[in-house]
1. Can you list, largest first and rounded to whole Å, the semi-axes you get for segment 103-237 by taking the square root of 5 times each eigenvalue of its Cα gyration tensor?
2. Once label points are set 7 Å from the Cα along Cα→Cβ at both HIS19 and ASP2, what is their separation, rounded to one decimal in nm?
3. Test of understanding: in a Gaussian network model of the chain with alpha carbons linked when under 10 Å, which of GLY195, GLY74, GLY232 would top the mean-square fluctuation ranking?
4. To the nearest Å, what is the center-to-center distance of segment 273-292 and segment 83-108, using C-alpha atoms only?
5. With labels modelled as points extended 7 Å from the Cα through the Cβ direction, what inter-label distance (nm, one decimal) is found for PHE75 paired with ILE245?
6. Normalising by the residue count of segment 60-181, find the relative contact order in percent from Cα pairs under 8 Å and 6+ residues apart.
7. Under a 10 Å cutoff between Cα atoms, tell me which one of ILE119, ILE138, ILE18 has the largest fluctuation in the Gaussian network model of the chain.
8. Calculate the translational D of the chain in whole µm² s⁻¹ from Stokes-Einstein, where the hydrodynamic radius comes from the Kirkwood formula applied to all Cα pairs, the temperature is 10 °C and the viscosity 1.306 mPa s.
Amino acid sequence: RDLRVAVIGAGRMGADHIHRLHTRTHGAEVAAVVDVDLDRATAAVADIPGARAFATPAEAYAAGVDAVLLATPGFLHEEALLEALGQDLPILCEKPLTPDVASAWRVVEAEVALGRQRIQVGFMRRYDAEYAALGQTIRSGDLGELLMLHCRHRNPDTPPGFTNEMLINDSVVHEFDVVRYLTGEEITSVAVRLGKASAKAPSGQHDPQHVLIETASGVLADVEIFVNAQFGYEVATEAAFEDGIVDIGRDTGPYVRRAGRWGGSITPSFVERFGAAYDLEVQAWVDAARRGEIGGPSAWDGYATAACCEAGVAAQGSGEKVTVTLNEKPALYAGSGHDRV
Ligand code: ISE
């Protein structure tokens, strides 16, 4: 039978996932939507027969669900994750796992105590076709060794309340994950340079920033994180190998010639840019959950990226290169799913 999913959080990503589960995901149904704002939860289930709205996860669990998709803001994740682990349910947790390394480690410890993986973290870039192709090129060795990654991560603007730390914790967290995923190595240090800032950035944000990431074997990845870039959304990478260069993430699509000009449309936001990746991610999670399994980015990946974020925020403040130190990796996370790190 279909996996009965409780979606916790009916904001931007929650609403997107509710729609995805209801209309495009095989073998799953939205059984419950939980939001502290019960009106928002009620509105989210209005067109979904059989789905119920609740103000707390406990009420949804009491009503009976098979799995949890957690889409509240990151600062609310720890409590919700520990509660869902207590129910021994499969969990898809939107990134970040938690906003800081201490709470991320507490979640890892709780999962280790449970004795089996139940958490997949929503690092959806791993499901993007071009990232997957780049990963394949790296692993095949066709172009020799990967030496450097030049990453550009540009958002048109930021929602209210987006702080300077969130450039790292909310945005560059994705590069931390994909650099680990692509290289199959842990990140060993993070440095941040603050150059000339855009006057279009809200007060309190220094935007753009230049983040330099180093992996265990010395692969360097530089990230331009520019979250008020105005023109549209872009996540693109140029990968330099011993024997060639690979570019991913450029807008393609219809190339229009009209009235003496040529051009095309720029992707407006991450919802469109990664729409197909989110679909694959959620479908893979549902398929695995129905088999009683969990795959994809793990709580370990969530913890390791939280450690990178903590180093990144420290580097924002000090201007120094900050070393990333990790606890020993629990055996539970050896060789799971996409996780090759
Ligand atoms: C947002 O939370 C995301 O996850 C997007 O993928 C990212 O591009 C954006 O910068 C974040 O704020």
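1. One finds semi-axes of 26, 21, 14 Å for segment 103-237.
2. Taking the two extended label points, one gets 1.8 nm.
3. GLY195
4. A separation of 18 Å, based on Cα centres.
5. Going by the 7 Å Cα→Cβ label model, 4.2 nm.
6. On the way: 100 pairs, mean separation 26.5, N = 122.
The value is 22 percent.
7. ILE138
8. On the way: Rh = 20.7 Å.
D, rounded to a whole number, is 77 µm²/s.
Rule-based calculations on the coordinates, nothing more; no lab input. These figures come from a predicted structure and were not determined experimentally. Here Cβ is always computed from backbone atoms with ideal geometry, including for glycine, and neighbour counts include all displayed protein chains.
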